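Working notes, beginning with the structure itself.
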Amino acid sequence: MNKALVELIRISNHTGKDPALVQGGGGNTSVKTADGKYMYIKASGTALKDMDDKRGWRRMRLDMVLDVIRDETIAGLDAQRRETEVMNRLLLACDDELNDSARPSVEAHLHAFLDTAVIHLHPNVVGAYVNAQNGKTLLERLFHQEKKPPLWVPYTDPGFMLARTISRRVQAYQAEYGCKPAILFLEKHGLFVTAPTSNAALRLVRKVIKACGNRLKNPLPHRIREADQAVIHQTKLTIRKAVFQATGQYLPIHHFQDHEIAWFMKQKDVAGMLAAGALSPDELVYANGPALWIDKVDSDRIIKRLINQREKGDKPALAFLVKNQGLFVAAKENVAQTIRDIAAGSFFIRVNARFLGGIATLSKRQRTFINEWEMESFRRALVEGVSGGDLKDRVAVVTGAGSGLGRSIALGLARAGAMVVLLDIDSIAAAETAQTIAREIPKASTIVCHCDVTSEESVTSAFEGILETFGGLDILVNAAGVAPPYPLIDLPVNKWRQALEVNLTGYFLMAKYAARIMIDQGMGGAIVNLSSKSGLEASKNNTPYNATKAGEIHMARGWALELGSHGIRVNSVCPGNVFEGSKIWNPQYIRVCAKKYGIKPEEVIPYYVSKTALNKEIKGQDIADAVIFLCSDRAQRITGQTLVSDAGQVMVR
Ligand SMILES: NC(=O)c1ccc[n+]([C@@H]2O[C@H](COP(=O)([O-])OP(=O)(O)OC[C@H]3O[C@@H](n4cnc5c(N)ncnc54)[C@H](O)[C@@H]3O)[C@@H](O)[C@H]2O)c1
Ligand SMILES: [Zn+2]
């Protein structure tokens, strides 16, 4: 491995692992080769700490990168075309054997004309100064003893223009001091250090952090008064609805409370500090700007404020700082922690920038440029992961998800883009379903939930867990069922009672608590009862199954009437015989069926298939498709109905 690459990985991992240096978002690094021909630089989409010999970097031809900055024709283009052209040229300058398409850092051209090793970071202690109104003067004073005084770079739109500004300023600096600067402070952005060796660059970073951190106020660990769980869950539902109404997005809501957040809330004029606007490109790109201060949790007021932000050309907030409760973040799990870190960093910077003389934030024009910046949106798409589908990001609970149809439905919902709670009394089986989903859809978000649907206590605690993880609920699919196969005259009463418990009480309890959440949340919802064709047409030796499956259809109809005014739709799906993966179709059950029809056990499946109009075996995904349809917006006007998916046996009238 080239020595420059070894050095790059070392300084990247070293800085990337230090939370004082890299919180949440950005930062990048580069090291030039000894022959001056190449530059190894961090690639977009991999965190500094995760860079290794195989990923997270690109090798670029220095001459080609420098040509980009010098190219006057690029400078003449409008912003959008300019940045696209620059990225294309930077990709062309990549010269390595990596066959992945990772883009080099968007700040690559800026690294090219600095010294051998370059480290660019957005540390919070530096943020306090570069976001202070008199930051330049304060930093000059702080570093007045340096042989090479730091270079202050006034705020410039990121990308090509920033690289040009820095290159001009570095030239002027060279003319004045006879050398290139070693420390650069970028207004409302961050820090660049550059040195002849990577060790010297690391030393310089430490020195700057120490000097800047010296006088600042730090969050002191103090006791946090945790708000009541029920209150937190209610706030999550309110915020989820507001975000949905304002943006049309189904996002999970996460709650954070810790001493950094509590410390900020204790400060004077928290509302004013946040209303000052976004501090930096990072805060804007990853968190859509600062957290919204909420002193009273009222969804209509939050919706109004989010819509107001959008009308003013800003992106609606994703973070909400709620009085006495903490920080709420509307985002997928993989980005929520990043947004929390950026918000907490922003709290620290705001308190300290105000302490140093006043908070400097991005102007409207500066924000607009960033919002439209193609490369930043690309960076974010990488972090968020891309998912589509009819049920994109909806939170769905499937009971009986450990086996048979529950498993197929869970997989189908995940394929349709939903986040799925895999609920089963057999959590090992449900965990296997989670693994199956993860293998096929690595980005899918699932949780395994151990629950006995016949126990009210178990059901309520399952829903608490769901609110804890996702902060809301859109879909319930009742599928946990049993089918004790006995002729009437032999049916033990305990088997009868068990079927009533699982198939009726279980469906009822799940629906009761799901509906409560859906009503509170105010975003509508969909409930599907998985019944059976036996719920429409009785079959022999199936007393409890016939009774309960008919009961499930009728319960769904009643619930459709009760819940319609809340926009909650309730329907039933009646599968025909699905053998794939089912524990109901166990050898004993098949023997009973064989006896019923006077055939051999191995003839049972072909026999059932031959009874369908389509002469086709019904698979789990067929049932999942019916469920997905009923849960999706395509079924917006369908409620109280029964959809039979049986390859043409029972015809509903
Ligand atoms: N397979 C079919 O041919 C078929 C046809 C029509 C309808 N259905 C219906 O589909 C549903 C699933 O059937 P299957 O064949 O996949 O069954 P299955 O036995 O393979 O799966 C049922 C799952 O429910 C879970 N479960 C049982 N009791 C529970 C409880 N108290 N709490 C939580 N989980 C519990 C089990 O652990 C199991 O994982 C049932 O409602 C059934 O009536 C199945
Ligand atoms: Zn940066």
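The residues on offer are Asp50, Asp71, Asp96, and the sole one that is free of Cβ contacts under 8 Å to residues at least 24 places away in the same chain and not small (Gly, Ala, Ser) is Asp71.
Taken together, Ala538, Ala547, Ala560 contain a single residue that is more than 16 Å from ligand 2 (Cβ to nearest atom), hydrophobic (A, V, I, L, M, F, W, C) and in a loop (DSSP other than H, G, I, E, B), which is Ala538. For Ala112, state whether it is surrounded by 14 or more Cβ atoms within 10 Å (Cβ to Cβ) and either closer than 27 Å to Asp35 by Cβ or among the acidic types (Asp, Glu) (or both). So Ala112 fits the description; yes. Restricting Gly522, Gly564, Gly581 to residues that are surrounded by fewer than 19 Cβ atoms within 10 Å (Cβ to Cβ), under 33 Å from the mean Cα position of the chain (by Cα) and within 26 Å of Thr433 (Cα to Cα) narrows the list to Gly581.
Among residues of the stretch 185-203 being aliphatic (A, V, I, L, M) and touching a residue at least 60 places away in the same chain (Cβ under 8 Å), the one that is nearest to ligand 2 (Cβ to nearest atom) is Leu191. Across the stretch 462-502, the number of residues qualifying as assigned to a helix (DSSP H, G or I) and within 24 Å of the chain's Cα centre (by Cα) comes to 9.
Of everything in the stretch 15-42 that is crowded, with 17+ Cβ neighbours inside 10 Å, aliphatic (A, V, I, L, M) and more than 21 Å from Leu91 (Cβ to Cβ), the residue that is farthest from ligand 2 (Cβ to nearest atom) is Leu21.
Of the conditions (1) within 9 Å of ligand 1 (Cβ to nearest atom); (2) more than 24 Å from the chain's Cα centre (by Cα), Ile428 fails just one. Which one is it? It fails just one condition, (1).
Screening Lys443 with (1) of a type outside the set (A, V, I, L, M); (2) surrounded by fewer than 16 Cβ atoms within 10 Å (Cβ to Cβ); (3) in contact with a strand residue (DSSP E or B) (Cβ under 8 Å, 6 or more places away or on another chain) gives one miss only, at (3).
Looking only at residues of the stretch 348-370 that are surrounded by fewer than 19 Cβ atoms within 10 Å (Cβ to Cβ) and among the charged types (D, E, K, R), we find that the one that is nearest to Lys268 (Cα to Cα) is Lys364. There is at least one residue in the stretch 271-278 that is surrounded by fewer than 21 Cβ atoms within 10 Å (Cβ to Cβ), touching a strand residue (DSSP E or B) at 6+ places or on another chain (Cβ under 6 Å), part of a helix (DSSP H, G or I) and not assigned by TED's automatic domain parsing to the domain that holds Gly465. Scanning the stretch 204-226 for residues that are modelled with pLDDT under 90 and either surrounded by 17 or more Cβ atoms within 10 Å (Cβ to Cβ) or in a helix (DSSP H, G or I) (or both) turns up just one, Pro219. Taking the criterion of being assigned to a loop (DSSP other than H, G, I, E, B) and within 22 Å of Ile166 (Cβ to Cβ), would at least one residue in the stretch 52-68 satisfy it? Looking for residues that are assigned to a loop (DSSP other than H, G, I, E, B) and within 22 Å of Ile166 (Cβ to Cβ), one finds none in the stretch 52-68, hence no.
Does the stretch 173-183 include one or more residues that are away from ligand 1 (no atom under 16 Å from the Cβ), at pLDDT below 95 and among the β-branched types (Val, Ile, Thr)? The answer is no, given that none of the residues of the stretch 173-183 is away from ligand 1 (no atom under 16 Å from the Cβ), at pLDDT below 95 and among the β-branched types (Val, Ile, Thr).
Name the single residue that is nearest to ligand 2 (Cβ to nearest atom) among those in the stretch 417-436 being under 16 Å from Val528 (Cα atoms) and not β-branched (Val, Ile, Thr). Before the answer, list the steps.
First, pick out the residues of the stretch 417-436 that are under 16 Å from Val528 (Cα atoms): 418, 420-423.
From the residues that got through so far, the ones that are not β-branched (Val, Ile, Thr) too are 418, 422-423.
Details: Ala418: 35, Leu422: 40, Leu423: 44 Å.
Taking the candidates together, the pick is Ala418.
Inspect the stretch 422-432 for any residue being crowded, with 24+ Cβ neighbours inside 10 Å, in contact with a strand residue (DSSP E or B) (Cβ under 8 Å, 6 or more places away or on another chain), in contact (Cβ under 8 Å) with a residue 40 or more places away in the chain and closer than 22 Å to Val335 by Cα and give the result as yes or no. Let's see the steps before the verdict.
Pass one, the stretch 422-432, residues crowded, with 24+ Cβ neighbours inside 10 Å: 422-424, 430.
Those still in the list that are in contact with a strand residue (DSSP E or B) (Cβ under 8 Å, 6 or more places away or on another chain) too: 422-424, 430.
Narrowing the set further to residues that are in contact (Cβ under 8 Å) with a residue 40 or more places away in the chain leaves 423-424.
Restricting the remaining residues to those that are closer than 22 Å to Val335 by Cα gives none.
The answer is no, given that none of the residues of the stretch 422-432 is crowded, with 24+ Cβ neighbours inside 10 Å, in contact with a strand residue (DSSP E or B) (Cβ under 8 Å, 6 or more places away or on another chain), in contact (Cβ under 8 Å) with a residue 40 or more places away in the chain and closer than 22 Å to Val335 by Cα.
The values are calculated or read from the model by the stated rules, or taken from the named source; none is laboratory data. All of these numbers come straight from a predicted model, not from anything done at the bench. Glycine gets a Cβ as well: all are built from the backbone with ideal geometry, and neighbour counts include every protein chain shown.
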